[in-house]
C-alpha cells in the first residue's frame, strides 16, 4: 500500500509540475503581450504610467512565484523532501506582490500594521532558517 501511495504521489507531483510549467510559460507570454500593448497603444509612448507599471510588476512577481513553485516541486521529486527555505521565498515574493498592488489609501491602519507584521515575521523566519542552516 505504501509503495502504491508513493507512486501515486509521485505522478500527482509530476502532473502538477507539468501544469505549473504551462502556466508559467503562458503567464510569461501574457506579460510580454501586456508590455507590448501598453507601449504601442495610442498615444505612442515608451514610458509607462504608474498603473501600467503596477500591473506589469504584479504579473512579473506571479511568474517568479510560479518559478519558485516549480523549483519546490522539482526538488521534491528529486530528493523526496520539501525545502522550507524555498517555501519562505515563495511566501515573501507573494506578500511582496500583494504589497506592490495594494491600494494603501483604501486600507485601515490596522490592516497595514498586519501586513507589516507579516513581512517582519517572514523576514525573521527566513533569517532564522538561514542562520540555523549555517550551523
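To the nearest ten degrees, helix 84-101 and the longest principal axis of the Cα atoms of the chain are 20 degrees apart. State whether the chain is rounded, prolate or oblate according to the following rule on the C-alpha gyration tensor (a ≥ b ≥ c being the square roots of its eigenvalues): a/c under 1.5 gives rounded; otherwise a/b larger than b/c gives prolate, and the remaining case gives oblate. Judged from the Cα gyration tensor, the chain comes out oblate (a/c at least 1.5, b/c at or above a/b). Pick from 98, 74, 41: which is most flexible by mean-square fluctuation in a GNM of the chain where alpha carbon atoms under 10 Å apart are linked? Taking springs between Cα atoms under 10 Å, the residue moving most is 41. In whole percent, what relative contact order does the range 2-134 give with Cα contacts below 8 Å and a gap of six or more residues? Relative CO of the range 2-134 lands at 24 percent. Where is the GNM fluctuation largest for the chain (alpha-carbon springs, 10 angstrom cutoff): 61, 77, 112? Maximum fluctuation in the GNM of the chain, among the listed residues, is at 112.
Using a Gaussian network model of the chain in which every pair of alpha carbons under 10 angstrom is joined by a spring, one finds that among 124, 60, 25 the greatest mean-square fluctuation is at 124. Taking the longest Cα principal axis of the chain as reference, the axis of helix 50-79 is set at about 10 degrees.
Every number in this text was worked out from the coordinates using simple rules, so none of it is lab data. Because the structure is predicted, anything quoted here is derived from the model rather than measured.
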